[in-house]
Amino acid sequence: MASSSRSWRYNVLPSFHGPDVRVTFMSHLKKQFQHNGIIAFNDEGIERSKLIGTELIRSIRESRISIVVLSENYGSSSWCLNELLEILKCQESAGQIVMTVFYKVDPCDVRKQMGEFGKTFKETCEGKTETQVHKSIHALTHVANIAGEHSVNWNNEAKMIEKISLNVSDNLNATPSRDFDGMVGLEGHLGKIQCLLILENDEPMTLGISGPAGIGKTTIARALYNQLSPDFPLSYFMENVGGSYRNIGCGDHGSKLRLQEQLLLHILNQTNINVCHLDVISERLCNQKVLIVLDDVDSLDQLDALAKDIYHFGSGSRIIVTTKDQELLERYGITNTYHVGFPSNGEALEIFCRYAFRRNSPKYGFEKLAIRVAELCGNLPLGLRVVGSSLGGKSGDEWEVIIHRLETSLDEDLERVLRVGYETLHEKDQALFLHIAIFFNNKDQDYVKSMLHDCNLNVEHGLRNLVNRSLIDISTNGEIVMHSLLQQMARQVIQRQEPWKRHILIDPHEICDVLEYETGTRTVCGIYFDTSETGEVFVSKGALKRMRNLQFLTVHKRKHCEKDIVCIPQDLEFPPRLKLLHWEVYPRKSLPMRFHLENLVELNMRDSQLEKLWEGSQPLTNLKKMDLAMSCHLKELPDLSNATNLERLNLNDCESLVEIPSSFSNLHKLKALSMFACTKLEVIPAYMNLASLESVDMTACQRLRNFPDISRNVSKFSISVEELDQVPESIRLWSRLRVLTITSKGKLKSLTHLPQSVKHLHLSCIGEQRIPYFKKSLQRVELYLNSCRSSLLREDCEPKEGLTCPYDTPYTQLDYTNCFKLDREAQTAIITEHIAQGWACLPGGEVPVEFDHRAKGNRVTIHPMSNMSLTIFKVCVLISPNQQTRESEQLVCSRISKGIEEISVYAIPRIQRKHLFLFPSYLLQESTSREAVFTFSSELEIVECGVQIWKDESERNQSAYSKPGNGEEEDVSNNQQDTYNISKAWDEEEAEENVNLNPAKRTKR
């Protein structure tokens, strides 16, 4: 990217033999350059000798284009030959464009040093070393192979000069210049694509670039073209191939001919070409080294017309195809492909800020608004650019108005781009797309298949089509992921349908009428009802039964308002085919007596008024997911004996639930069980040993008295047991346990029975004088002696005898917040601990002296060790509560080195007095960096800060101190949400995220 990230002093530098052309050809060419506004280097006044001077070398390097005018005596001049060597060196190192003019000399004579040209060249070589002669021969051979204008082919020199000047102008216009300078993430894409192109290989090659609409495929392809085209004699970037093909409108064969005509006109720089058959491209470009970019291709016919046989082109040719349809590339046999993914959260925010603020980061006061907008745009570059441009210069109030509009509708330009992919789908795939957008985004694909298997949609084939069209992605854990902007587009597609043709209802006012006046029909298969701002809604007894084909019913509140109430009759009848019932804040104490459960796959009744669900045993064989979280009046669970396929059960915050029924023993496919804050729960069946159970959360279940042996296959287990003094020996048999979280009120005395499989250990509120020894096989230790999980602050943490725990683990979190009676030995042990990843927080009044780079306030500058490729800093920040009222506050650390900014974000628990917060920071240095600047910001008062450089090379070589993210465990620097709430994990994936109680979120700029 050298040529695209620098400025040039001259547009063009001519290299020529003065006596041959200065007063004739060159004088006219320079005049034409001046006429066309082309800045050319003028060598008049430079004294010529055998060696070229530093001024000329600098001028060559500062010229975007060098034009070599090869005449009969060019090779007789050592000056010219040395000048040519410098030009070719710049071509290789800086991407300089080299053009040629063969003035009254045969290119073959130059290439092979024959004829009069060869004769004078050989005379010049006399007295030179063999190496010098070889370099000159190589340079002349190379430059003679660059296609250029040949004076013999012109009977009008003035016309030739006009053509040369036009070519120079075209090359300048096609140069990346600063158009792509600093474009976020671009260099990474270009580097990966160039690896796939294998430019050093002379075999012709086709490369496909795929990705969703608006992701930046065209921008990447254009930057790539501008970077590579100088090395190809013939090149053309063909924009919007699909649109051009459709607009021609003269039949398949005629359209293909017109496409070929368009390509040949531009690549051969002709004004008129008649293409009468489809082999013309092969004939005209046979054996020519070409670079062709076919942008936004959407059919096989277009590839047939323009890229049918790559091997008809010359050695080293490259054809690059961009498309939204990955399957199109596969069907055409293009296996060398690059998929453009979404930018990271940090990159997305930076893209947005460049358009909204004309800088890399948000303006003060707009930080949260900018992050919110970036999330609404779903990291789609097109959306970030369009929305960012529209918000530039506007006030915070105007931002709020536009954000509210974004939450409900799409910008017209965005919608037009996004609809293209949807409109090319088959009718059944369109229906599948709409179902996913409304009901099944971020759901497991097997779950979606089970929901839609009898909907006549051919789900397996349809999902593959949607993936290939970049309308959805399938994540590594099998979830279907649709971009939020595509979801918005889907909603607008539904709203534009004729009301009587809608299969899915989403308009709240239309749904109110359907439920109150029973106007629904058999056409309706899904309802997504947002009850926000609808007021009081009355549901008629037969409103749902009338919609016999209703399978998916979701009722929820986007915004909470006491006046928004859904009133349903006691004898409401649900339709028999119902598979999904998701009804938040369900208003009645039980489900209707006549409730058909045989087809139900998911029951989600979060925050309901339910006290019980149903009586007796019910046909539940299709039920896979059950969510009753925050149903605080729920007193009992139903008989689940027949729910043999249930995989996930969420009972979080069911405060009235006392007992888990014995029927749980039949849930042998249950994978995740979450019972966070079931505060009255006392009874759990002993020895259930559920075979498939992987994740269990019993945190904040205050009345639990025993450590249940619920499954020996569990991998994540969290529990709060008030009187727990010892973990039972049977835990040794939990051979798959990886993550263990224990919260108790100070009774736990030992941890001697942990299985070797445990890698992550989290202990909270341990009040003993000594902390148990942690075995070295642990990869992560998180120790909490504060009271940040409750509404009260405690000061009774009194480790009197120091610490007996060696924290030699790759990840360590030490939370001694508000533990004001820590002795000096304990404080010193924590402060001097080498934390490879993680953090420590403890009371303190000043930054310790070992942090030799210290400063008052929030900014410190240090000078890293210049001879080390990796510098590890230990950072210490002295913070003060400053009337802190929230449970936690953010601490943002910005480190700038070599113009690159890296941001880390930490959550600080509520503190009562001054505290020290310590964490590591890693700096990879490819070259010497003169300084690193650390800046800290927070709602807390930052009193003082300090940085220490870890200088021990042996420590750097230990795997425990490797750069975070290089190991096989999770990367703590991922862009995850900071959280202390590990206990409310519901889905397994959420639990995995929440293992990181306080990960630093890092973004680079």
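The values are calculated or read from the model by the stated rules, or taken from the named source; none is laboratory data. Everything numeric in this text was worked out from a predicted model, so none of it was measured. Every residue, glycine among them, receives a Cβ derived from its backbone with ideal geometry; neighbour counts consider all protein chains shown. The area values use the complete protein model at the heavy-atom level, side chains included, leaving out ligands, DNA and RNA. Shrake-Rupley method; radii C 1.70, N 1.55, O 1.52, S 1.80 Å.
Values computed for the structure shown
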item	result
Label-point gap, in nm, between residue 931 and residue 757 - each point 7 angstrom along Cα→Cβ	5.3 nm
Relative contact order %, segment 10-173, counting alpha carbon pairs below 8 Å whose residues are six or more apart	26 percent
Whole-angstrom gap from segment 669-710 to segment 97-119, using each part's C-alpha centre	85 Å
Apportionment of accessible area to carbon and sulfur, segment 345-408, percent (1.4 Å)	51 percent
Percent accessible area from carbon and sulfur atoms, segment 567-665, protein chains only, probe 1.4 Å	45 percent
Between segment 380-457 and segment 263-311, the alpha-carbon center distance in angstrom	36 Å
Surface/4 estimate of mean projected area, convex hull on alpha-carbon atoms of segment 456-553, nm²	7.8 nm²
Exposure of residue 363 as accessible area (Å², to 10), given a probe of 1.4 Å and all protein chains	90 Å²
Extreme residue, positive dipole direction of segment 109-237, given options 137, 195, 153 (C-beta unit charges)	195
Contour minus Cα-Cα distance for residue 641 and residue 516 (0.36 nm per residue)	41.3 nm
In nm, spacing of pseudo-spin labels at residue 570 and residue 890 (7 Å Cα→C-beta vector)	5.1 nm
Gap separating the Cα centres of segment 202-232 and segment 467-545, nearest whole Å	39 Å
All-pairs Cα distance distribution in segment 831-950, expressed in whole percent, bin size 10 Å	13, 48, 30, 7, 1
Cα gyration tensor category, rounded, prolate or oblate, for segment 186-339 with a/c compared to 1.5	oblate
Percentage, to the nearest whole number, of Cα pairs in segment 104-169 over 19 Å apart	45 percent
Per-pair calculated FRET efficiency, R0 = 22 Å: residue 706 and residue 735 via Cβ, rounded to 0.05	0.55
Difference of contour (0.36 nm per residue) and Cα-Cα distance, residue 111 to residue 199	29.4 nm
Separation of the residue 132 and residue 824 label points, Cα + 7 Å toward Cβ, nm	7.7 nm
FRET efficiency, residue 924 to residue 882 (Cβ-Cβ, R0 41 Å, nearest 0.05)	0.75
Expected-Rg normalisation [2.2 N^0.38 Å, Cα atoms] applied to segment 269-427	1.43
Restraint check, 368/898; 163/256; 443/716; 874/898; 217/363; 112/289, Cα-Cα greater than 24 Å	368/898; 163/256; 217/363
Unit charges on C-beta of K, R, D, E only; dipole of segment 71-130, Debye	100 debye
Cα extents of segment 414-496 along the three principal axes, largest first (Å)	32, 26, 21
Linear extension gain, residue 239 paired with residue 330, 0.36 nm per residue minus alpha-carbon span	30.6 nm
Normalised contact order of segment 831-950, rounded percent, pairs of Cα under 8 Å and 6 or more residues apart	46 percent
Amide proton proximity set for residue 544, modelled H, under 5 Å, gap of 5+	573
Relative contact order [Cα under 8 Å, 6+ residues apart], segment 414-496, whole percent	38 percent
Efficiency of FRET between residue 145 and residue 407 - r from beta-carbon atoms, R0 51 angstrom, step 0.05	0.30
